[in-house]
Amino acid sequence: MSASIALALLLYKRTGSAEWVGLALLIAFAVPGLFSLVSGVLSDRLDRRRLLIASDLSGALCFAGMALVHAPGLLLGLAFVAAAVSAPFLPASGAMVPALASADDLTWANSRVAAARTLGMLLGPAVAAGLVAVSSTSLVFVANAASFVFSAALIATLRGRFRPAAQEDGTPSGALEGIRIIAREPALRALVLGFICFDIGAGFALPGEVPIAREFGTGSTGYSALIVAWAVGGLLGARAAQTLYEGRDEPPVLIASAAALSLGFGAMAVAPAFALVLVGFALSGAGATVAGVGEDLLLQRRAADDVRGRVYAARIAAIYFSLSLPLAFAGLLVDAWGPRVVYGIAAGFALLAALALGALFVSPRLGEQPER
């Protein structure tokens, strides 16, 4: 996140063109989605810990290189490679959590991962902005490279069995296997359909953050407050998720969290005061985090170890493309109708997510043997 901000600032400074910034954002969203299915195959074939380390170190090299080059084309080229080599991280890391935590500790483990991810999303942009203010964007790239090396060093300390289970005879081994499993398995199908609606709503909401802060006359201070409110809600949601999911089936909590997201977006659409917008952001952040923990639990419990990486990869591809679709024109809607209308649309999609997730109630129970 911090490197993406630094790259956007640097490209705009050197070219004066928003098109270069748009290309940088397109790389950040589209490239991981394009490479996710291949990444899923790698995470189901290779030692997942070693794959994570290789991904981190390769990314570190790319960001270190970005600190040394000046041509916009070279910067974008390195950003493309960095996004490609980082693509295996999410499917491999999600798939290996059950190797680090027992079945009874999965809720605790995923809640802690969600809290760390939310904290990183809060601190990353703040650190990037601070480094740019006191030094240069090159220092942000160096710091990002160092964080990748530090991540690799931490992962190297993990102990356990991280090579995926051997595939059974006759199990398809192609990159599209994750999509096929999701399409055939009722619980996974309902989950991914619900989260596609969830992500489309989030994609509509993103371009409205700066305009709604401006509408209330709060400017950059208000925008920063919105980010903090979302992160605080996310941290509280990660804390609550452990209690909410412990000893319960996931569907009711997932549906309630999608409804909370819809309520949060709806509050932003009708808020008479900026304070209520902040409450809406916090509620949406909490709902999104609680839903994310439940999604991870369902994927980890319903997908067998030898295909879990590809199931995760298919879901990640859906995330990136579901976010990218509304981002292509949501900004135009904000300009034409204002941010409140767009937040109302986002609330509608979050409500559709809750309805789609209702199909989980008629899916086979989680304790049953996953389909292949």
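The values are calculated or read from the model by the stated rules, or taken from the named source; none is laboratory data. Only a predicted model underlies this, so the values are computations on that prediction, with no experimental measurement involved. No Cβ is skipped: glycine too gets one built from the backbone with ideal geometry, and neighbour counts run over all protein chains shown. Ligands, DNA and RNA are stripped out before the accessible areas are found, and what is left, the full protein with its side chains, is counted by its heavy atoms. Shrake-Rupley method; radii C 1.70, N 1.55, O 1.52, S 1.80 Å.
State which residue is modelled with the lowest pLDDT when the search covers only segment 18-59 and only residues that are in contact with a Pro (Cβ under 9 Å, 6 or more places away or on another chain) and of a type in the set (Ser, Thr, Tyr).
Going through the qualifying residues, I end up with Ser36.
Given the conditions (1) open to solvent by 40 Å² or more (accessible area, probe 1.4 Å); (2) touching a residue at least 60 places away in the same chain (Cβ under 8 Å); (3) not charged (D, E, K, R), and given that Leu276 satisfies all but one, which numbered condition is not satisfied?
Condition not satisfied by Leu276: (2).
Look at Asn144 and say whether it is closer than 30 Å to Gly178 by Cβ and modelled with pLDDT under 90.
When the stated conditions are applied, Asn144 passes them.
Return the pair list, or none, for Cβ contacts closer than 7 Å from residues in segment 70-88 that are within 14 Å of Leu57 (Cα to Cα) and touching a residue at least 40 places away in the same chain (Cβ under 8 Å) to residues that are in a helix (DSSP H, G or I) and aliphatic (A, V, I, L, M), at least 6 apart or on different chains.
Ala83/Ile27; Ala83/Ala28; Ala83/Val31; Ala84/Val31; Pro88/Leu42; Pro88/Leu51
I'm trying to understand the selection: among the residues of segment 54-76, which are open to solvent by less than 40 Å² (accessible area, probe 1.4 Å) and either outside any helix (DSSP H, G or I) or more than 16 Å from Ala6 (Cβ to Cβ) (or both)?
Ser55, Asp56, Ala67, Val69
Being surrounded by 23 or more Cβ atoms within 10 Å (Cβ to Cβ), in contact (Cβ under 8 Å) with a residue 40 or more places away in the chain and closer than 19 Å to Ala347 by Cα: is that true of Gly233 here?
Working: surrounded by 23 or more Cβ atoms within 10 Å (Cβ to Cβ): yes; in contact (Cβ under 8 Å) with a residue 40 or more places away in the chain: yes; closer than 19 Å to Ala347 by Cα: yes.
Judged against the criteria, Gly233 is a match.
Check Ala328, Ala336, Ala303, Ala286 and return the single one that is open to solvent by less than 10 Å² (accessible area, probe 1.4 Å) and either out of contact with any Asp or Glu (no Cβ under 6 Å at 6 or more places or on another chain) or modelled with pLDDT under 90 (or both).
Going through Ala328, Ala336, Ala303, Ala286 in turn, just one is open to solvent by less than 10 Å² (accessible area, probe 1.4 Å) and either out of contact with any Asp or Glu (no Cβ under 6 Å at 6 or more places or on another chain) or modelled with pLDDT under 90 (or both): Ala303.
Between a residue in segment 194-213 that is over 28 Å from Ala183 (Cα atoms) and any residue that is of a type in the set (Phe, Trp, Tyr) and open to solvent by 10 Å² or more (accessible area, probe 1.4 Å), which pairs come within a Cβ distance under 6 Å, given they are 6 or more apart or on different chains?
Correct list of pairs: Val210/Tyr223; Ala213/Tyr223.
Within segment 209-228, can you find the residues that are of a type in the set (D, E, K, R) and either assigned to a loop (DSSP other than H, G, I, E, B) or crowded, with 17+ Cβ neighbours inside 10 Å (or both)?
Glu209
Within segment 247-272, take every residue that is open to solvent by 50 Å² or more (accessible area, probe 1.4 Å) and among the small types (Gly, Ala, Ser) and give me the one that is farthest from Asp199 (Cα to Cα).
Among those that are open to solvent by 50 Å² or more (accessible area, probe 1.4 Å) and among the small types (Gly, Ala, Ser), it is Gly247.
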